[in-house]
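Beneath this line is the structure, given in structure tokens, with notes to follow.
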Amino acid sequence: MTDPQAESQKTVLLAAPRGYCAGVDRAVETVERALEKYGAPVYVRKEIVHNRYVVDTLAERGAIFVDETTEVPEGAHLVFSAHGVSPAVHQEARQLSLHTLDATCPLVTKVHNEVKRFAKAGYQILLIGHEGHEEVEGTAGEAPDVVHLVDGVEGVEKLNFADDEKLIWLSQTTLSVDETMQIVQLLKQKFPHLQDPPSDDICYATQNRQVAVKAIAEKCQLVIVVGSQNSSNSKRLVEVALQAGANASYLVDYASQVKPEWLDGVTTVGVTSGASVPEILVRDVLELLASHGYTSVEEVTTAAEKLVFSLPRELRPADRAQR
């Protein structure tokens with residue numbers, strides 16, 4: 001028999017901010033507007049953002065996702081994903097006479113520009129990030145001869161530079177803030193002359209979502225993060241939740257992936273979502289939790305986000321594009 005008192009104590013702490021950031025919003029709208037303006041198919045290189053639901057929904061509307069630019073028919077419309085691409089990919093697109101729409105997040109573009117600037121100034125660039133991630137591949141591709149990927153502690157150990165070598169660190173935008181600074185500390189112990197970038201590369205949204213999950217995690221036995229397995233910022237939220245005191249934390253694409261046994265003995269569940277996750281998926285998780293007695297939902301807000309990025313010029317309304 002269910003204990004009425006235990007049921008009444010079941011609570012959800014809902015982190016805010018969560019979900020879509022300005023860069024993801026812009027990227028998804030870029031594909032939607034391109035389909036409206038040019039008609040299907042519109043090709044997209046890689047996943048526009050790392051979220052299964054978003055990719056499947058856009059595919060239903062006529063977006064065709066490809067791994068390589070060379071898979072796109074000559075003269076077609078191609079959208080570059082929010083994670084950015086290297087100059088070599090832009091060159092491939094030109095050779096195929098593709099009509100490109102660049103949905104790269106402006107904060108990723110900022111890091112690309114830093115790589116170009118510091119490479120030109122004679123620096124060796126230590127790029128903190130995860131090997132194989134699209135953003136890292138695009139960023140490193142700006143100056144492959146001088147960019148050295150630092151993927152975790154092992155990445156630090158592999159590096160060797162002379163004392164007079166000009167060194168600067170940059171980072172993938174979607175990393176854990178704490179983990180990145182730990183790597184920076186190790187790098188500075190090994191290379192005391194290592195310089196800091198002019199500003200932190202980790203994006204405001206990544207940072208805000210990690211701060212928000214820290215605020216709820218210590219009060220929760222379980223934190224559910226809505227997001228895809230290939231989403232770097234979503235996976236970091238799971239790690240941050242565990243480090244901040246949650247007994248358990250799981251990453252799910254959909255509410256149907258939440259296992260009832262996770263809720264055994266749990267009175268307080270934390271819920272958040274990665275920066276590429278639409279709110280409808282969070283609402284589905286809240287409905288599922290409500291069906292298990294978690295009807296009290298308290299939103300915990302740690303920051304307000306008002307940043308908006310303009311669409312690529314080709315897709316802006318004519319009156320705005322002329323201003």
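Report, ordered by the first and then the second residue, all pairs with beta carbons closer than 7 Å, sequence separation of six or more or different chains, a first member in the range 119-146 that is among the charged types (D, E, K, R), and a second member that is outside any loop (DSSP other than H, G, I, E, B) and surrounded by 18 or more Cβ atoms within 10 Å (Cβ to Cβ).
Between residues of the range 119-146 that are among the charged types (D, E, K, R) and residues that are outside any loop (DSSP other than H, G, I, E, B) and surrounded by 18 or more Cβ atoms within 10 Å (Cβ to Cβ), the close pairs are E131/L149; E135/V108; E142/H112; E142/V115.
Kindly indicate whether E305 is in contact with a Pro (Cβ under 6 Å, 6 or more places away or on another chain), under 30 Å from E36 (Cα atoms) and modelled with pLDDT of 95 or more.
yes
Just checking, which of D196, D200 is modelled with pLDDT under 95 and of a type outside the set (F, W, Y)?
Answer to the selection: D200.
Just the residues that are within 19 Å of D196 (Cβ to Cβ), among the hydrophobic types (A, V, I, L, M, F, W, C) and out of contact with any helix residue (DSSP H, G or I) (no Cβ under 8 Å at 6 or more places or on another chain), please, taken from the range 144-166.
F161
Any idea which of (1) closer than 21 Å to P87 by Cβ; (2) in contact with a His (Cβ under 7 Å, 6 or more places away or on another chain); (3) in a loop (DSSP other than H, G, I, E, B) is the one T139 doesn't satisfy?
With respect to (1) closer than 21 Å to P87 by Cβ; (2) in contact with a His (Cβ under 7 Å, 6 or more places away or on another chain); (3) in a loop (DSSP other than H, G, I, E, B), T139 is out only on (3).
Which one of these is modelled with pLDDT of 95 or more, part of a loop (DSSP other than H, G, I, E, B), surrounded by fewer than 20 Cβ atoms within 10 Å (Cβ to Cβ) and out of contact with any Gly (no Cβ under 6 Å at 6 or more places or on another chain): E29, E74?
Within the list E29, E74, the selection yields E74.
For V177, all conditions in the list (1) modelled with pLDDT of 95 or more; (2) closer than 30 Å to V55 by Cβ; (3) among the hydrophobic types (A, V, I, L, M, F, W, C); (4) under 23 Å from the mean Cα position of the chain (by Cα) hold save one; what is the number of the exception?
(1)
Give the range 237-254 a look and list any residue that's out of contact with any Leu (no Cβ under 6 Å at 6 or more places or on another chain) and either modelled with pLDDT under 95 or among the β-branched types (V, I, T) (or both), or say none.
V240, V252
Is it fair to say I183 is part of a strand (DSSP E or B), more than 30 Å from T11 (Cβ to Cβ) and not assigned by the TED database to the domain that holds D56?
No; evaluated as a whole, the condition is false for this residue.
Any chance you could count how many residues in the range 96-139 are in contact with a strand residue (DSSP E or B) (Cβ under 8 Å, 6 or more places away or on another chain) and more than 18 Å from F161 (Cβ to Cβ)?
Residues in the range 96-139 being in contact with a strand residue (DSSP E or B) (Cβ under 8 Å, 6 or more places away or on another chain) and more than 18 Å from F161 (Cβ to Cβ): 13 in total.
Of all residues in the range 81-114, count the ones that are surrounded by fewer than 22 Cβ atoms within 10 Å (Cβ to Cβ), in contact with a helix residue (DSSP H, G or I) (Cβ under 8 Å, 6 or more places away or on another chain), assigned to a helix (DSSP H, G or I) and aliphatic (A, V, I, L, M).
Final tally of qualifying residues: 2.
Look through the range 245-291, keep the residues that are assigned to a loop (DSSP other than H, G, I, E, B) and without any contact (Cβ under 8 Å) to a residue 40 or more places away in the chain, and return whichever of them is nearest to N230 (Cα to Cα).
Looking at the filtered set, the residue picked out is V258.
Can you tell me which condition R236 does not meet? The list is (1) in a helix (DSSP H, G or I); (2) among the basic types (K, R); (3) without any contact (Cβ under 8 Å) to a residue 40 or more places away in the chain, and all the others hold.
Against the list (1) in a helix (DSSP H, G or I); (2) among the basic types (K, R); (3) without any contact (Cβ under 8 Å) to a residue 40 or more places away in the chain, R236 comes up short only on (3).
Determine, yes or no, whether A59 is surrounded by fewer than 23 Cβ atoms within 10 Å (Cβ to Cβ), in a helix (DSSP H, G or I), in contact with a helix residue (DSSP H, G or I) (Cβ under 9 Å, 6 or more places away or on another chain) and of a type outside the set (V, I, T).
no
The values are calculated or read from the model by the stated rules, or taken from the named source; none is laboratory data. Quantities reported herein were computed from a predicted structural model and do not represent experimental measurements. All Cβ positions, even for glycine, are placed from backbone atoms using ideal geometry, and neighbour counts span all protein chains on display.
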